[in-house]
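Input: a single structure, listed below in structure tokens.
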Amino acid sequence: MPTNWTTAEILKTPMEICWQFDYAIDKAKLKNLYEKSKQLQWDAEQDLDWSIAIDPSKPLVDEARNGVDQIPILQKLSKSQRETFTAHSTAHLLSQFLHGEQGALMTAAALTHAVPDYEGKLYAASQTMDEARHVEAYEKYIRKLAMVYPMAPWLRETIDITLKSDHWVKIAIGMNMIVEGLALAAFHNMRRATTCDLLRSLTELVLRDEARHVAFANLYVKDAIDEMHPDDREDKAQFAFEIVKRMSDSFGGADGRGAQLPDPGFFAVLETVEIEPEDFIQSAIEAGEAGLHADAPPGEIHSFKDLMMPGLVRVGAVTSRTRELYEAEGIPVWEDLSVLESMEESGSVETNVAEAN
């Protein structure tokens, strides 16, 4: 595990805090989300079977589903090297879930004190509790792996920019719609791909919460943007574009077919099994040319296509001006809401996902 990373850092933010002394609830849908949040609380300690043994050297994720088994340089590893790579790469992936959930915890807390409506504060507070539970659960799971890797730079930068933004709508866009949209797709796909019963159960519970969080932003942000002056609307749309572009660049494009930005944490995984990062990158490129980045298996969610972009369009966070910016950057503005609406109606993304795709 890398040891040369800082364990605590301070951010200064310009966010305003809003008192609200009108305690009437006039948004029925928000009230319903809050009620559902109260009813669906769960206890990470009591509601998961932590007695389940985990062998981190055995694949916890079906590697055939994510294409890792197709990378030639990994196919050449010895049995012990492959087991080491499996353990550390899984720990690295789950560490990103853990760090991302802490980011969600902080942004939800920021929304609680910044949103202007009483019902919005209630829901954001319930989300803060959800995120605290997610941090607790993933930390407890990763502790069984005995390995924690630092936060990927792209994820840290994205959440930092969101936390340091100057308006609560930007926080909701950056975290609840964009980062949580990415997380929601990742959790859904992880639940389908994991071979670990404990990780599957944990992910199912987290998914249920995350579906509400994305639904909250899609509902609440739309109302706020609809009431904004056009100049303010363009400001929020520009913020959304910049976050999406940063994320797209990190992943090698919105379709994931380009070169991803380096991640020192993952490079540390490679060094553990004595693979030069440059050699791995070249091998991954060769695998991609041979079809590694083919269409995802049926039923998998694409974060940009299915959740992120359709949601941004629906709430008004994509304007005519920023559409041109997306086009110039080669980022498709997907608008099909079928998967997102299925998630909102069912409380998860499992229902009708295969049909929606």
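The values are calculated or read from the model by the stated rules, or taken from the named source; none is laboratory data. All of these numbers come straight from a predicted model, not from anything done at the bench. Quick reminder, even Gly has a Cβ in these numbers, built from the backbone with ideal geometry, and neighbours come from all protein chains shown.
Within the range 159-218, the set of residues being in contact (Cβ under 8 Å) with a residue 24 or more places away in the chain and among the hydroxyl-bearing types (S, T, Y) comprises T162, S165, T194, T195, S201. When the residues of the range 298-323 are narrowed to those that are touching a residue at least 24 places away in the same chain (Cβ under 8 Å) and hydroxyl-bearing (S, T, Y), which ends up surrounded by the most Cβ atoms within 10 Å (Cβ to Cβ)? That would be S303. Candidates E324, E300, E286: the one that is modelled with pLDDT under 90 and in a helix (DSSP H, G or I) is E286.
Considering only residues of the range 97-121 that are outside any helix (DSSP H, G or I) and of a type outside the set (A, V, I, L, M, F, W, C), which is surrounded by the fewest Cβ atoms within 10 Å (Cβ to Cβ)? Going through the qualifying residues, I end up with P116. When the criteria are applied in full, W42 meets the requirement of being part of a loop (DSSP other than H, G, I, E, B), farther than 18 Å from L111 by Cα and aromatic (F, W, Y).
Residues that are farther than 18 Å from L122 by Cα, loosely packed, with under 12 Cβ neighbours inside 10 Å and at pLDDT 80 or above within the range 9-46 comprise D43, E45, Q46, listed in sequence order.
Taking the conditions exactly as written (farther than 27 Å from R156 by Cβ, free of Cβ contacts under 8 Å to residues at least 12 places away in the same chain and part of a helix (DSSP H, G or I)), does S37 satisfy them or not? Criteria not met by S37. The residue of the range 155-175 that is surrounded by the fewest Cβ atoms within 10 Å (Cβ to Cβ), among those that are within 22 Å of M309 (Cβ to Cβ) and aliphatic (A, V, I, L, M), is I161. When the range 176-195 is filtered for residues that are crowded, with 19+ Cβ neighbours inside 10 Å and not in a helix (DSSP H, G or I), only T194 remains. Among the residues of the range 138-154, those identified as surrounded by 18 or more Cβ atoms within 10 Å (Cβ to Cβ) and not hydrophobic (A, V, I, L, M, F, W, C) are Y138, Y141, Y149, P150.
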